[in-house]
Amino acid sequence: MSTSLCLVSRAGHGGPARRSSSRNGSAAYGTADGSALFSQGETRVICTASVTDSVPRWMEGKGRGWVTAEYSMLPASTGDRKARDISRGKQDGRGVEIQRLIGRSLRGVVDFSALGERAVYVDCDVLQADGGTRCAAITGGFVALQLALADLVKAGTIEAMPLNQSVAAI
């Protein structure tokens, strides 16, 4: 587990003098291709990356990969129990917009041609919310994605790391 100090100003949470520590524990979930337990302040998000050897149907035959993300908050993550989306029969608008933001943020740093015809699904689940869940999910999601892709390079499945840059949010 690596630990770093992240200097963050969060409006309404103690002003600019407040410092929030940021911790990232990689390989947090043994069955995923890549995973990270990311903490920022009191916010905790577990992110996993799962690699499949196929792409969505609309991308088949193009020789390119895909990265997508899903985001959810566990029922007890906010203090007051938040009902699971499945119990309402549909996703809430907030969660949909956040998972789109995570997916777009991660896709912005991936070379899809170097990834080949495979998809990476990044799942971000908020364990505890204290503000900043979007930022924690983007950062933790990137760490999980990078670890999964590093394993593909190490195994010789792909020739080089298909990441152009890093991405993080605070």
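List of remarks:
- Any hit, the stretch 67-78, residues being among the small types (Gly, Ala, Ser), under 26 Å from Ala150 (Cβ atoms) and out of contact with any Cys (no Cβ under 6 Å at 6 or more places or on another chain): yes
- Pairs, first β-branched (Val, Ile, Thr) in the stretch 138-149, second part of a helix (DSSP H, G or I) and open to solvent by less than 10 Å² (accessible area, probe 1.4 Å), C-beta under 6 Å, six or more apart: Ile138/Ile102
- Among all positions in the stretch 113-122, there is no residue which is open to solvent by 40 Å² or more (accessible area, probe 1.4 Å), touching a strand residue (DSSP E or B) at 6+ places or on another chain (Cβ under 8 Å), modelled with pLDDT of 95 or more and in a loop (DSSP other than H, G, I, E, B).
- Selection of strands (runs of 3 or more DSSP E) fully inside the stretch 1-97 by the criterion of at least 3 residues being open to solvent by less than 70 Å² (accessible area, probe 1.4 Å) and at pLDDT 95 or above returns 43-52, 66-73.
- Residue in the stretch 96-112 that is in contact with a His (Cβ under 8 Å, 6 or more places away or on another chain) and among the small types (Gly, Ala, Ser) present: no
- First in the stretch 39-55 and closer than 15 Å to Gly131 by Cα, second anywhere and among the charged types (D, E, K, R) and in a loop (DSSP other than H, G, I, E, B), Cβ under 8 Å, 6 or more apart: Gly41/Asp130; Glu42/Asp130; Thr43/Asp130
- Failed condition for Asp130, given (1) surrounded by 17 or more Cβ atoms within 10 Å (Cβ to Cβ); (2) part of a loop (DSSP other than H, G, I, E, B); (3) at pLDDT 95 or above: (3)
- In the stretch 136-161, the qualifying residues are those that are more than 20 Å from Cys124 (Cβ to Cβ) and either assigned to a loop (DSSP other than H, G, I, E, B) or touching a helix residue (DSSP H, G or I) at 6+ places or on another chain (Cβ under 9 Å) (or both), and the one that is most open to solvent (accessible area, probe 1.4 Å) is Glu159.
The values are calculated or read from the model by the stated rules, or taken from the named source; none is laboratory data. No experiment lies behind these values; they were computed from the predicted model shown. With ideal geometry, Cβ positions are generated from the backbone for all residues, glycine too; neighbour counts draw on all protein chains shown. Note: areas computed on protein heavy atoms with side chains; ligands, DNA, RNA excluded. Shrake-Rupley method; radii C 1.70, N 1.55, O 1.52, S 1.80 Å.
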